[in-house]
Amino acid sequence: MKIMDRQVSEASSHLHHGSIEVVEYRSTTVGTQRKTRIYTPPGFSRNQTYPVLYLLHGIGGDEHEWFEHGEPHLILDRLYADGKLAPMIVVMPNGRAMPEDRAEGDLFAPEKLEAFERFEWDLLHDLIPFVEATYPVSTGRESRAIAGLSMGGGQSLNIGLSHLDQFAWIGAFSPAPNTKTPEQLAPNPQEAATRMSLLWLSCGDEDNLKYVSDRTHAYFAEQGVPHIWVEEQGGHDWPVWRNGLSEFSQRIFRNEPGEGSRR
């Protein structure tokens, strides 16, 4: 593990802070060293084990996007201070699995869109094994969550629902059109209903991509798949995504399943 930098939360001075570091892992999928940011919670100790949230960025971002624009470390530090979170590690990878993985040029070029699809293999076969070999984490599906914004929200639904043996907690904040159709996401709704501990779906009411969330929510409601649906004021932007992280993170790695729908 190569530590590239370390940054400590800049929340109010009375808070206990988590830490964020940038590390490199070997990706056999891409054939290169890749970078990811990793947040460890206040009071982190290698003498205990932690569940892991894999938190994915949008089409215009990389492993730095959440940190630079969403400030997850500040959100999580405050929730820890209020006693609202189960201690967890949060991994913020680059969801564009290709050698030149910067968010540059034509973001919608076919090879870049294919790289977002390829990330599924990189996550399952390279990143998760690296995290589980390097950090003191629990390895069962109940100890693994995936969530993301926009393109990353679509990835979270696509990957999470296709691998219910790997993820019990799935969250999508304003998922983008890369999201598979609902019938493709959950061809066996009853299996999804019984295996998921939480499915979270949220979107701003002024988001021009809201139709993706609407069709997904409608299908799950029709099929009787328990989920939380939140339609909140806002567009395709950070206030919605920050709130999504705050609300989702408070519900994961708990014993109670997430059920119902709310607006």
Structure-based [θ]222 nm, the chain - -39500 (n - 2.57) summed over DSSP H runs of at least 4, per residue, nearest 500: -9000 deg cm²/dmol
Karplus (6.51, -1.76, 1.60) ³J(HN,Hα), θ = phi - 60°, over region 74-86, in Hz, Gly and Pro reported as x: 6, 4, 5, 4, 5, 5, 4, 4, 8, x, 9, 10, 6
Percent accessible area from carbon and sulfur atoms, region 134-263, protein chains only, probe 1.4 Å: 43
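Compute, for region 126-237, the length of the dipole vector about the Cα centre, with Cβ point charges of +1 (Lys, Arg) and -1 (Asp, Glu) only. Units Debye, rounded to 20. Intermediate results must be reported in sequence, preceding the final value.
On the way: 6 positive and 14 negative charges, 65 e Å.
Dipole magnitude for region 126-237 comes out near 320 debye.
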Over region 128-263 - Rg/Rh using Cα atoms and the Kirkwood inverse-distance radius: 0.95
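Find the relative contact order for the chain and round it to a whole percent, using C-alpha pairs within less than 8 Å whose residues are 6+ positions apart. Mind showing how you got there, number by number?
Values: 572 pairs, mean separation 43.1, N = 263.
Dividing the mean separation by the residue count of the chain yields 16 percent.
Using heavy-atom solvent-accessible surface (probe 1.4 Å) with all chains present, what is the largest-first order of PHE44, PHE248, PHE130, PHE108?
Working: PHE44 60, PHE248 0, PHE130 35, PHE108 135 Å².
Ranked list, largest accessible area first: PHE108, PHE44, PHE130, PHE248.
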Listed residues PHE220, PHE67 arranged by accessible area, highest first, probe 1.4 Å: PHE67, PHE220
Cα-centre dipole for the chain with unit charges at Cβ (Lys and Arg positive, Asp and Glu negative), debye to 20: 700
Antiparallel %, DSSP beta bridges [both residues in the chain], to 5: 45
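Heavy atoms only, 1.4 Å probe, whole protein assembly: order ARG26, ARG242, ARG96 by accessible area, highest first. List each step's numbers first, then the result.
Details: ARG26 135, ARG242 85, ARG96 0 Å².
Greatest to least solvent exposure: ARG26, ARG242, ARG96.
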Accessible area of region 146-188 divided out per residue, in Å², using a probe of 1.4 angstrom: 24
Region 42-151, relative contact order in percent, only Cα pairs under 8 angstrom and at least six apart counted: 46
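Could you count how many Lys pairs in the chain have their Cα atoms under 18 Å apart, skipping same-chain pairs fewer than 8 positions apart?
On the way: LYS2/LYS35; LYS35/LYS112; LYS112/LYS180; LYS180/LYS210.
For the chain, qualifying lysine pairs total 4.
Contour minus end-to-end for ASP82 and LYS180, with contour as 0.36 nm per residue of separation and end-to-end as the Cα-Cα distance?
On the way: separation 98, 0.36 × 98 = 35.28 nm, distance 3.68 nm.
That pair, ASP82 and LYS180, stretches by 31.6 nm at full extension.
Compute the Cα gyration tensor for the chain, then decide on rounded, prolate or oblate, letting a ≥ b ≥ c be the square roots of its eigenvalues: rounded whenever a/c is under 1.5, prolate when a/b is larger than b/c in the other cases, and oblate in all that remain. Write out the running numbers ahead of the final one.
On the way: a/c = 1.37, a/b = 1.16, b/c = 1.18.
It comes out rounded by the Cα gyration axes.
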Calculated Rg and Dmax of region 135-204 using C-alpha coordinates, Å: 11.8, 37
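Pull out a ≥ b ≥ c, the square roots of the eigenvalues of the alpha-carbon gyration tensor of region 35-124, then state rounded if a/c is under 1.5, prolate if not and a/b is larger than b/c, and oblate in the remaining case. It would help to have the intermediate numbers written out before the result.
Working: a/c = 3.22, a/b = 2.02, b/c = 1.59.
Cα axes put region 35-124 in the prolate bin.
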Cα gyration tensor category, rounded, prolate or oblate, for region 192-261 with a/c compared to 1.5: oblate
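The values are calculated or read from the model by the stated rules, or taken from the named source; none is laboratory data. All values reported here derive from a predicted model rather than from experimental measurement. Ideal geometry is used to build each Cβ from the backbone, glycine not excepted, and the neighbour counts take in all protein chains shown. Remember, those area values only see protein heavy atoms, side chains included, never the ligands or the DNA or RNA. Shrake-Rupley method; radii C 1.70, N 1.55, O 1.52, S 1.80 Å.
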